[in-house]
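Below is one structure, written out as structure tokens, with a few remarks after it.
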């Protein structure tokens, strides 16, 4: 599953002069299995980039293709199928259900594909050191703990691409390493591609390619 | 789990009002449809005459006795009546112009003989089949419909002779005989009573028998039409009555009362049905609004479900299922309430002397099913649109 960008420029960034090697206004293809970091300062369009790939934003010119098909033409049903089976996301605002417990948030996602057993979910939660929060509503967790729940939720589905928008922004070094390890193992297991947006390059995940905004 | 997310924030007051409205609307609708059918059936089944028509004749006055006013209808008068907006169909009642008498032909009844007057009307106006209401020259029996007054007269006669009285059922099983004659010929035919009428005072025979008698034994004078069968459109009885008053016409009082009662009751029930439909429409609007508010309160939850991969169909199905359960419960409750209402109304009607069929009309159930289906289709359509618009992309 390849992702192809052809002269894409978000309307909001149309008036800005982009660098020659910027993803905006250039054509390039991201191959499945590649590990890509998108490193840029705030306001350059990192979240816009992930939202375009998630089908949430269509306010851009140019075309984005998934498997040679223009994503603008995908129906909402098609997007939900892609999000359940092929594209997995960690959004910057996490998008957890605050009223639901950690367990319920993970089970809700796992019910779509039944990829893992309940025990395996617990094991992943233990790996990121939040076992004691298993039955705690997410709204009562710290941002760092919520971020870890969102990371696990993104990993418990089948995917060809894992797209993460600043996933470690609230994690300390220890937890960043734990999360990076879990992500890398799952991505390697599935031979999937990975796109990570970050303010800095300190993420502990080994990357193949770097993109600029 | 999706249900837990979506229905957590709801304020149920508006839902309860919508459900209560739907309950009242459904109950009124079932009751109106049921009694509209039963009242009309009752009016039609009281008599062998099927209620599609009323027998109309000219009023007899001193002037008509002196032959100054005719009591028969000419073709222009018939046509004029036929052209009225309330008229469906007008048909003359055929009369005999030959001598005919009826006599008992059974040991169960005392010998009785009387000259009579017979008339013929089509099977369309009777609660008998066209096969039963048919006669051919070689048939064993002539089927007849007897006026109830005739049986009363027969029973008065039997009573005077010290003999047991005859019920309608027994009268149907005993034999009578017609004697047809003119100055030169005479013949006798066995007859069989197939029903009774309170609307016509003469003995009714099939048109084919009357034609046979008029042809073989008639005096060959032209036949006069003194009575008409007039069928009218539903709920136009008042117009017919007004027309009859202004044109010096009359019908039998019992037919008038029954017709008037059916007409008034039907209009009232139709009005009640209209009100119930209005209530149902209002409650469904309330329910649609409630769904919209529910979805608006859960905009984030629905959008997040879509973003983690839940299909719009799955979310729509979850919300719709909730309302299907609520409406199914309401519809079942309203039907159950109707069962109790029906028992009460039937009891009151019986006390007032009106005995309707106790069975439930399938049309009332069908009406309920129809409005519930419309209700659910509207709700599904509204929910689907609201869910789809929850993830409106920035275009």
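Scanning the stretch A:98-109 for residues that are closer than 14 Å to residue A:142 by Cα and either in contact with a helix residue (DSSP H, G or I) (Cβ under 6 Å, 6 or more places away or on another chain) or free of Cβ contacts under 8 Å to residues at least 12 places away in the same chain (or both) returns A:98, A:102. Could you go through the stretch B:155-167 and let me know if any residue there is under 29 Å from residue B:125 (Cα atoms), touching a residue at least 60 places away in the same chain (Cβ under 8 Å) and not in a helix (DSSP H, G or I). No: the stretch B:155-167 contains no residue that is under 29 Å from residue B:125 (Cα atoms), touching a residue at least 60 places away in the same chain (Cβ under 8 Å) and not in a helix (DSSP H, G or I).
Answer yes or no: is there a residue in the stretch B:3-11 that is at pLDDT 85 or above and touching a helix residue (DSSP H, G or I) at 6+ places or on another chain (Cβ under 9 Å). No, the stretch B:3-11 contains no residue that is at pLDDT 85 or above and touching a helix residue (DSSP H, G or I) at 6+ places or on another chain (Cβ under 9 Å). When the stretch A:13-62 is filtered for residues that are at positive phi and in contact (Cβ under 8 Å) with a residue 40 or more places away in the chain, the ones remaining, listed by number, are A:33, A:45, A:62.
Can you find a residue in the stretch A:187-194 that is in a strand (DSSP E or B), closer than 16 Å to residue A:88 by Cα and touching a strand residue (DSSP E or B) at 6+ places or on another chain (Cβ under 8 Å)? Yes, because at least one residue in the stretch A:187-194 is in a strand (DSSP E or B), closer than 16 Å to residue A:88 by Cα and touching a strand residue (DSSP E or B) at 6+ places or on another chain (Cβ under 8 Å). Assess whether residue B:357 counts as being part of a helix (DSSP H, G or I), away from every other protein chain (no Cβ under 14 Å), farther than 27 Å from residue A:107 by Cα and within 31 Å of the chain's Cα centre (by Cα). In short, no.
Counting only strands (runs of 3 or more DSSP E) that sit completely within the stretch A:12-79, those holding 3 or more residues that are away from chain B (no Cβ under 14 Å) and over 26 Å from residue A:93 (Cβ atoms) correspond to A:27-30. Sort through B:192, B:239 and tell me the only one that's assigned to a helix (DSSP H, G or I), touching a residue at least 12 places away in the same chain (Cβ under 8 Å) and surrounded by 14 or more Cβ atoms within 10 Å (Cβ to Cβ). Every option except B:239 fails the conditions. Among the residues of the stretch B:113-139, write down those that are assigned to a loop (DSSP other than H, G, I, E, B), within 29 Å of residue B:153 (Cα to Cα) and out of contact with any helix residue (DSSP H, G or I) (no Cβ under 6 Å at 6 or more places or on another chain). Those that are assigned to a loop (DSSP other than H, G, I, E, B), within 29 Å of residue B:153 (Cα to Cα) and out of contact with any helix residue (DSSP H, G or I) (no Cβ under 6 Å at 6 or more places or on another chain): B:116, B:117, B:121, B:122, B:127, B:128, B:129, B:132, B:134, B:139.
Just one of (1) surrounded by 14 or more Cβ atoms within 10 Å (Cβ to Cβ); (2) more than 14 Å from chain A (Cβ to nearest Cβ) fails for residue B:317. It is (2). Candidates B:103, B:91: the one that is modelled with pLDDT of 80 or more and either assigned to a loop (DSSP other than H, G, I, E, B) or within 30 Å of residue B:265 (Cα to Cα) (or both) is B:91. Figure legend. Inter-residue proximity from the stretch B:264-276: first residues within 19 Å of residue B:368 (Cα to Cα) and assigned by TED's automatic domain parsing to the domain that holds residue B:22, second residues part of a helix (DSSP H, G or I) and modelled with pLDDT under 80, beta-carbon distance below 6 Å, spacing 6+ or different chains. No pairs are indicated. What's the total number of residues in the stretch A:110-126 that are more than 9 Å from chain B (Cβ to nearest Cβ), in contact (Cβ under 8 Å) with a residue 12 or more places away in the chain and closer than 21 Å to residue A:162 by Cβ? The qualifying residues number 6.
Picking from residues in the stretch A:93-109 that are part of a helix (DSSP H, G or I) and under 14 Å from residue B:305 (Cβ atoms), the one that is farthest from the other protein chains (Cβ to nearest Cβ) is A:105. For the stretch B:1-19, a residue qualifies if it is in contact (Cβ under 8 Å) with a residue 12 or more places away in the chain and either farther than 14 Å from residue B:292 by Cβ or within 14 Å of chain A (Cβ to nearest Cβ) (or both), and the qualifying residues are B:2, B:3, B:5, B:6, B:7, B:9, B:10, B:17, B:19. Of all residues in the stretch B:117-137, those that are exposed (fewer than 14 other Cβ atoms within 10 Å of the Cβ) have Cβ atoms under 6 Å from Cβ atoms of residues that are at pLDDT below 85, 6 or more apart or on another chain, in B:117/B:202; B:130/B:123. The set of residues in the stretch B:334-368 that are touching a helix residue (DSSP H, G or I) at 6+ places or on another chain (Cβ under 8 Å) and loosely packed, with under 11 Cβ neighbours inside 10 Å comprises B:355, B:358. Screening the candidates A:49, A:5 for the property of being over 30 Å from residue B:316 (Cα atoms) and modelled with pLDDT of 90 or more yields one hit, A:5.
Is it the case that some residue within the stretch B:282-292 is buried (at least 16 other Cβ atoms within 10 Å of the Cβ) and under 30 Å from residue A:91 (Cβ atoms)?
Scanning the stretch B:282-292, I find at least one residue that is buried (at least 16 other Cβ atoms within 10 Å of the Cβ) and under 30 Å from residue A:91 (Cβ atoms), so the answer is yes.
The values are calculated or read from the model by the stated rules, or taken from the named source; none is laboratory data. A quick note: this is a predicted structure, and the numbers were derived from the prediction, not measured. Glycine also receives a Cβ, built like all others from the backbone with ideal geometry; neighbour counts cover every protein chain displayed.
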